[in-house]
Amino acid sequence: MPEAPHDEPRRARRPVARSRPPVTARARSRGRSIALASACASVALVAAGTWVSRGSLLETWYIHRLGSDREDARLAAAEKLGEMSSLRALPRLLKAIRKEDREHVAVTPWTSDPSGAPIKPQVVLTPLLHALYEIGPAAAAIVKDEREHRRGPLDGLVRRVP
C-alpha cells in the first residue's frame, strides 16, 4: 500500500531571517544622550522633591527626637518644634511635658525694687513648656479643648515662687 502524501515527515520550517538595519554610531550616541538626560532629570526631580519637603521631614525627625532617652536631644527637638510652630508635635510634646517631673510654670510674686517701684510678677517656663508657648494660639486652643473634655496634661503644673 502506497503511503499517502500526508504521512510524510514534515520538515521543520526555518524562521525567515529578517535583517535589521545597521545601528550607526550616530544613533547609538543619540540613545546614550537620551538615557543620560533622563537620568539627570530624574536626579533633579528627586532633589527638588527633597528640598520642597525638607520642612516636613525635619518636623517628623524632631517629633521622633521628643521620645529620645537623651535629655539634650529632647530639649533641642522641643526648641526646634516650637520655632516651627508645629501643631503636629502637640500630642508628643504634651506627653513629654507630663512625663518630665521638672516641667512647671514658675510665677514670681509682686515685688518692688529698691526705690519702691512695683515689679510685676514674671512667668518662667521650663524648656518643653516654652516650646508649647512658642507654637502659639492654635496650641492654646487645642490644650483648652482637651482640658474641657478630660483632665489635661497641663493640670497642676503652675507653681508659685516665694
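Read the figures in this text as sums done on the coordinates, not as results from a lab. If you're wondering where the values come from, they're calculated on a predicted model, not measured in any experiment. Cβ placement follows ideal geometry from the backbone for every residue including glycine, while neighbour counts extend to all protein chains displayed.
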Mean separation of Cα contacts under 8 Å, 6 or more apart, over the residue count of the range 52-160: relative contact order %: 28
Enumerate the amide H contacts of Val105 below 5 Å, restricted to partners 5 or more residues apart or on another chain; note that Pro and chain-start residues carry no placed amide H. Val158, Arg159
What the Cα atoms of the range 52-160 span along the principal axes, largest first and in whole Å, is 55, 32, 27
Arg88 paired with Ser29, simple spin-label distance in nm, labels 7 Å along Cα-to-beta-carbon: 4.9
Could you name the lysines in cross-link range of Lys144, using Cα to Cα under 22 Å and dropping any fewer than eight places away on the same chain? Lys95, Lys99
